[in-house]
Amino acid sequence: MRILVIGNGSREHALGWRLSKSDHRPSLFFAPGNFGTALVGKNVAIGVSEVEALKAFALEEKIDLTLVGPEVPLVAGVVDAFREAGLVIIGPDRAGAQLEGSKAFSKEFMVKYRIPTAGYGVFTDVEAAKAALPGYALPVVIKADGLAAGKGVIIAQSYEEAEKTLSEMMLEGRFGESGHTVVLEEFLKGFEASIICLVDGETILPLETAQDYKKIFDADLGPNTGGMGSYSPSAFVDAALMADIEARVLQPTLKGLQAEGFDFRGIIFIGLMIDESCPTGLADGIKVLEYNVRFGDPETQSLMARLDSDFVDVLLALHERKLSTLQLAWTPKAAVSVVLASMGYPDDFETGVELNFPGTQTEFMPEVTAFFGGAVLKDGKAVTSGGRVVTVTAVGDTLDSARKKAYQGVEMIRFGNKYCRKDIAKF
Ligand code: AMP
Ligand code: GLY
């Protein structure tokens, strides 16, 4: 079997690593891939947005199955192009990908299908947006409508800051096109949970729970990033809460996907805010912050470390709309993932810095795996090429032992401008 994974992050290395352990013994290709994916397959020099080139490659190389990592090709319609050409691909069609591609679209979807979410307004005119601000209590949440690599949400603590942010987004091109339309949103309090589900159009199947850390600094300070660490299972989502999430969010979401007529055979990742102090009960405290239409990074690294099922079989069942017959197997152990970033991320940072680590194997300690992201091979050496360079993922009998092992692994990877949070999975 020949499998193509689109993307070049640590998430894609983790997906490929799990696929490489399948009994189907697949040949793996990554477009464009990175230093780590080349350890489990072959990198192909095609960018994630080059839909036509990706399709031509898949046809020519007789690819049996394609898995899409990032949102950009999904929003660009890679799934439509592949399915029209008779290729098997995991992901939503372009229409379904709008759930992540446009915050205004996803809010409308939530309202239409009665999925609980924060109160909001959509604005294309900066003066109208500023005039609406007094209707929102502080802090107020301001979101760029389009894709912004996880950075397009600003929580303004004052109306002055909110006005300045609106001008920057809507007039001065912060976040480019993505910020020309904005969503103003009521600020929600509580704890966050990421629920990542497989969807085949008939069944929505949640994976094990995982939690990520969005902020750059310890104690959740500083600006948002793509994600600085994760652990699984979540310490906060138990079976009773999961049943409420299933009834109030997952099933209505599935109904919405069906009613809209999307060909959504892919991954839906639901970001929730859960208010424990909700006066009418915890179930009423569940609200959807956002939809993503792909696996989370770095939640996926922790989930792939815990998945015991044959991942190729899982993806084939999803494509064939047979998720209802699938029983996913997970190790009861905990997983912790710590992201090593280039100092300065999510703003400016240096790249091309040499990486040193034990050997070339990804699994360099028992139950500890390095999943490379912004790292490439240059003149025979591994060097940094991005903000989030490598994720160190460990499994252990308890969350505590997994965390200790992950941080031991972190010590073993060295590069000049290495930065990581010290408080992942620490309560
Ligand atoms: P999003 O990309 O919409 O998930 O937003 C990124 C992050 O911003 C979330 O993970 C939350 O931490 C925060 N956030 C988004 N919307 C809200 C909201 N309405 N209230 C509070 N925090 C929010
Ligand atoms: N870790 C959050 C995301 O992938 O969007």
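The values are calculated or read from the model by the stated rules, or taken from the named source; none is laboratory data. Because the structure is a prediction, the values reported are computed rather than measured. Here the Cβ is made from the backbone with ideal geometry for all residues, glycine too, and neighbour counts use every protein chain on show. Quick note on the areas: whole protein, heavy atoms, side chains included, nothing else; ligands and nucleic acids left out. Shrake-Rupley method; radii C 1.70, N 1.55, O 1.52, S 1.80 Å.
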Under 7 Å between Cβ atoms, at least 6 apart or on separate chains: pull out the pairs that start in segment 101-112 with a residue that is touching a residue at least 24 places away in the same chain (Cβ under 8 Å) and end on any residue that is assigned to a loop (DSSP other than H, G, I, E, B).
101/146; 101/147; 102/145; 102/146; 103/145; 104/145; 104/181
Answer yes or no as to whether residue 205 is away from ligand 1 (no atom under 13 Å from the Cβ), more than 17 Å from residue 302 (Cβ to Cβ) and not charged (D, E, K, R).
yes
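Condition check: open to solvent by 40 Å² or more (accessible area, probe 1.4 Å), at pLDDT below 95 and assigned to a helix (DSSP H, G or I). Does residue 127 satisfy that? Step through it out loud before you land on a result.
On the way: open to solvent by 40 Å² or more (accessible area, probe 1.4 Å): yes; at pLDDT below 95: yes; assigned to a helix (DSSP H, G or I): yes.
Considered against the rule, which asks whether it is open to solvent by 40 Å² or more (accessible area, probe 1.4 Å), at pLDDT below 95 and assigned to a helix (DSSP H, G or I), residue 127 comes out as yes.
Looking only at segment 238-269, how many residues end up being away from ligand 2 (no atom under 16 Å from the Cβ) and closer than 26 Å to residue 281 by Cα? Show your work before the answer.
So the first thing to find is which residues in segment 238-269 are away from ligand 2 (no atom under 16 Å from the Cβ), and the list is 238-265.
Narrowing further to those that are closer than 26 Å to residue 281 by Cα: 238-256.
Number of matching residues: 19.
Suppose the filter is under 30 Å from residue 235 (Cα atoms) and either loosely packed, with under 14 Cβ neighbours inside 10 Å or away from ligand 1 (no atom under 16 Å from the Cβ) (or both); does residue 143 pass it?
Values: under 30 Å from residue 235 (Cα atoms): yes; either loosely packed, with under 14 Cβ neighbours inside 10 Å or away from ligand 1 (no atom under 16 Å from the Cβ) (or both): no.
Answer is no for this residue.
Pick from 71, 12: which is open to solvent by less than 20 Å² (accessible area, probe 1.4 Å), closer than 25 Å to residue 338 by Cβ and within 17 Å of the chain's Cα centre (by Cα)? Steps first, please.
On the way: 71 fails: open to solvent by less than 20 Å² (accessible area, probe 1.4 Å).
Sole residue among the options that is open to solvent by less than 20 Å² (accessible area, probe 1.4 Å), closer than 25 Å to residue 338 by Cβ and within 17 Å of the chain's Cα centre (by Cα): 12.
For (1) surrounded by fewer than 17 Cβ atoms within 10 Å (Cβ to Cβ); (2) out of contact with any strand residue (DSSP E or B) (no Cβ under 9 Å at 6 or more places or on another chain), each residue gets a yes or a no:
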{"site": "170", "(1), (2)": "no, no"}
{"site": "178", "(1), (2)": "no, no"}
{"site": "200", "(1), (2)": "no, no"}
{"site": "223", "(1), (2)": "yes, no"}
{"site": "232", "(1), (2)": "no, no"}
{"site": "238", "(1), (2)": "yes, yes"}
{"site": "257", "(1), (2)": "no, no"}
{"site": "261", "(1), (2)": "yes, yes"}
{"site": "264", "(1), (2)": "no, no"}
Is segment 283-293 home to any residue that is assigned to a helix (DSSP H, G or I), among the small types (Gly, Ala, Ser) and without any contact (Cβ under 8 Å) to a residue 60 or more places away in the chain?
yes
Inter-residue pairs, beta-carbon under 8 Å, first closer than 22 Å to residue 46 by Cβ and among the aromatic types (Phe, Trp, Tyr) and in segment 17-32, second in a helix (DSSP H, G or I) and open to solvent by 40 Å² or more (accessible area, probe 1.4 Å), 6+ apart
30/38
Single unsatisfied condition, residue 165 versus (1) free of Cβ contacts under 8 Å to residues at least 40 places away in the same chain; (2) more than 16 Å from ligand 2 (Cβ to nearest atom); (3) open to solvent by 30 Å² or more (accessible area, probe 1.4 Å)
(3)
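Between 285, 281, which is touching an Asp or Glu at 6+ places or on another chain (Cβ under 6 Å), open to solvent by less than 40 Å² (accessible area, probe 1.4 Å) and either at pLDDT below 95 or within 16 Å of ligand 1 (Cβ to nearest atom) (or both)? Walk me through how you get there before you give the answer.
Working: 281 fails: touching an Asp or Glu at 6+ places or on another chain (Cβ under 6 Å).
Of 285, 281, the one residue that is touching an Asp or Glu at 6+ places or on another chain (Cβ under 6 Å), open to solvent by less than 40 Å² (accessible area, probe 1.4 Å) and either at pLDDT below 95 or within 16 Å of ligand 1 (Cβ to nearest atom) (or both) is 285.
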